[in-house]
Amino acid sequence: MTGLSPTDLSIVLAIAGAALATYSLRLGGLLLADRLPKNGGFKRFMEALPGTILLSLVAPGIFSAGMLGGVAALATALCAWKTRNILLAMIVGMSLVATGRWLA
């Protein structure tokens, strides 16, 4: 048996550390959930959080795609607002980006 090289060991330790950090945060959230306020400003903040997280994940992609990304994001938002159908809105946005890239 040859064992792990120092590089392999550092990779295993990095993965184990990331897993430990991720599950510690999840466990902490579950343990603290009952102690958080259920009304007022904190409740409004927590209700808005999923949208802000989604926006922080989507915004860099929109900006890196340039004008095409902006147009597709606007069309997606308008379609979602008017139809209340998220799947249709995503299809509209992806179709616009795909068509724009195909034509370019």
Check: Among the listed residues LEU4, LEU54, LEU87, which satisfies the condition of being modelled with pLDDT under 90, farther than 23 Å from ALA104 by Cα and part of a helix (DSSP H, G or I)?
Finding: LEU54
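Do the conditions hold for LEU20, that is, is it in a helix (DSSP H, G or I), surrounded by 10 or more Cβ atoms within 10 Å (Cβ to Cβ) and at negative phi?
On the way: in a helix (DSSP H, G or I): yes; surrounded by 10 or more Cβ atoms within 10 Å (Cβ to Cβ): yes; at negative phi: yes.
Judged against the criteria, LEU20 is a match.
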Item checked: All positions within the range 36-46 that are outside any helix (DSSP H, G or I) and open to solvent by less than 80 Å² (accessible area, probe 1.4 Å) -> LEU36, PRO37
Checklist line | Failed item in (1) within 30 Å of ALA77 (Cα to Cα); (2) open to solvent by 80 Å² or more (accessible area, probe 1.4 Å), with LEU30 passing the rest | finding: (1)
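Kindly provide the set of residues from the range 47-104 that are closer than 30 Å to PRO37 by Cβ, open to solvent by less than 60 Å² (accessible area, probe 1.4 Å) and hydrophobic (A, V, I, L, M, F, W, C), ordered by number. Steps first, please.
Going through the range 47-104, the residues closer than 30 Å to PRO37 by Cβ turn out to be 47-59, 86.
From the residues that got through so far, the ones that are open to solvent by less than 60 Å² (accessible area, probe 1.4 Å) too are 48-49, 51, 59.
Result: ALA48, LEU49, ALA59.
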Notebook entry, point to check: Within the set of pairs 6+ apart or on separate chains, which have a first residue in the range 33-61 that is in contact (Cβ under 8 Å) with a residue 12 or more places away in the chain, a second that is of a type in the set (A, V, I, L, M) and assigned to a helix (DSSP H, G or I), and C-beta atoms under 9 Å apart?
Noted result: VAL58/ALA73
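The values are calculated or read from the model by the stated rules, or taken from the named source; none is laboratory data. Fair warning: this is a prediction, and the values are worked out from it, not measured in the lab. As a convention, Cβ positions derive from the backbone with ideal geometry for all residues, glycine included, and neighbour counts pool all protein chains shown. These area figures cover heavy atoms from the full protein model, side chains too; ligands, DNA and RNA do not enter into them. Shrake-Rupley method; radii C 1.70, N 1.55, O 1.52, S 1.80 Å.
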